[in-house]
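The values are calculated or read from the model by the stated rules, or taken from the named source; none is laboratory data. Since the structure is predicted, the reported quantities are computational estimates derived from the model, not experimental observations. Glycine also receives a Cβ, built like all others from the backbone with ideal geometry; neighbour counts cover every protein chain displayed.
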Amino acid sequence: MGEQRSGVVDSRRLLFSGIILLALYLILDLVVEAGLSQTFDVNVFFAVNSTILPAWVDSVMVLFSLYGREAVWGGLIVVLFFLGGEREKKAAMTMGLVFLLLIGVGHVAKGLDSRLRPYDVLEGVRLLVPGESDASFPSGHTLIVAGGAVVAWLRLKRGLAALLTVEAKLVALSRVYVGVHYPTDLVGGALLGAGLALIICSQSRLIDSIYEKLPHSIRESGRHLTAC
């Protein structure tokens, strides 16, 4: 009975925390749309984007920007689901659900926003990757990796979650470094992604029920590997 009540309380906390983050995202969106953050954004953007570092740093940042989202997190889901035990499979399934939701929400959010990319309005931008045609706010890359990092902290071992969080931060930073986002784009993406991920994770019973409906062969696959 105590464990059940604790689970309910934890779910409510996750839900409440997610709602708070979404409210902060909406406030930030209004600030950005009103242009109140532009001076701050431009100053920080150029502090990051115009910093001259060794060529290998540019290459690393480009790799994180281009492949740190789909390749790393998509590959992670596949590995966790097919090679992990029950804990890892549930985490992979949760990440998949979160990512599907975030892709749709991100598309809508960008469609409602009119912020142009830094390279479209500023001179002297170092653009290290191909330009994009959608809105700058929020950062779609940060949206996804922030949601993934939240799921990792709630559903995976701390060591792996910490490693994935570092990767997520590098992906987000790389988007400013390569010239395609302002700093507040990253903050907006993080708030939206983390907020929705917390709300999804608060529905643990629903996730467990979906997991239990999977074929027995899938639920049992990979368990011998985690036991080794």
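On the stretch given as region 121-147, residues that are acidic (Asp, Glu) and either closer than 25 Å to ALA71 by Cβ or surrounded by 13 or more Cβ atoms within 10 Å (Cβ to Cβ) (or both) total 2.
Take the conditions charged (D, E, K, R), at pLDDT below 95 and over 14 Å from the mean Cα position of the chain (by Cα) and apply them to ASP120. Does it pass?
Against the criterion (charged (D, E, K, R), at pLDDT below 95 and over 14 Å from the mean Cα position of the chain (by Cα)), ASP120 does not qualify.
Restricting LEU102, LEU63 to residues that are touching a Gly at 6+ places or on another chain (Cβ under 9 Å), in a helix (DSSP H, G or I) and under 22 Å from VAL176 (Cα atoms) narrows the list to LEU102.
A single entry from SER37, SER59, SER65 fulfils the requirement of being out of contact with any Cys (no Cβ under 9 Å at 6 or more places or on another chain) and either exposed (fewer than 15 other Cβ atoms within 10 Å of the Cβ) or over 18 Å from VAL125 (Cβ atoms) (or both): SER59. Among the criteria (1) at pLDDT below 95; (2) more than 21 Å from PHE81 (Cβ to Cβ); (3) small (Gly, Ala, Ser), the one ALA227 does not fulfil is (2).
Of the residues ALA47, ALA91, ALA23, ALA71, the single one that is surrounded by 17 or more Cβ atoms within 10 Å (Cβ to Cβ) and either outside any loop (DSSP other than H, G, I, E, B) or of a type outside the set (Lys, Arg) (or both) is ALA91.
Can you pull out every residue in region 124-161 that is free of Cβ contacts under 8 Å to residues at least 12 places away in the same chain and either under 12 Å from the mean Cα position of the chain (by Cα) or assigned to a loop (DSSP other than H, G, I, E, B) (or both)?
PRO130, SER133, LYS157
The condition of being modelled with pLDDT of 95 or more and on the phi > 0 side of the Ramachandran plot holds for only one of GLY106, GLY140, GLY75, GLY179, that being GLY179.
For the condition buried (at least 24 other Cβ atoms within 10 Å of the Cβ) and in a loop (DSSP other than H, G, I, E, B), HIS181 qualifies.
Looking across region 150-178 at every residue that is out of contact with any helix residue (DSSP H, G or I) (no Cβ under 7 Å at 6 or more places or on another chain) and of a type in the set (Lys, Arg), the one that is surrounded by the fewest Cβ atoms within 10 Å (Cβ to Cβ) is identified as ARG158.
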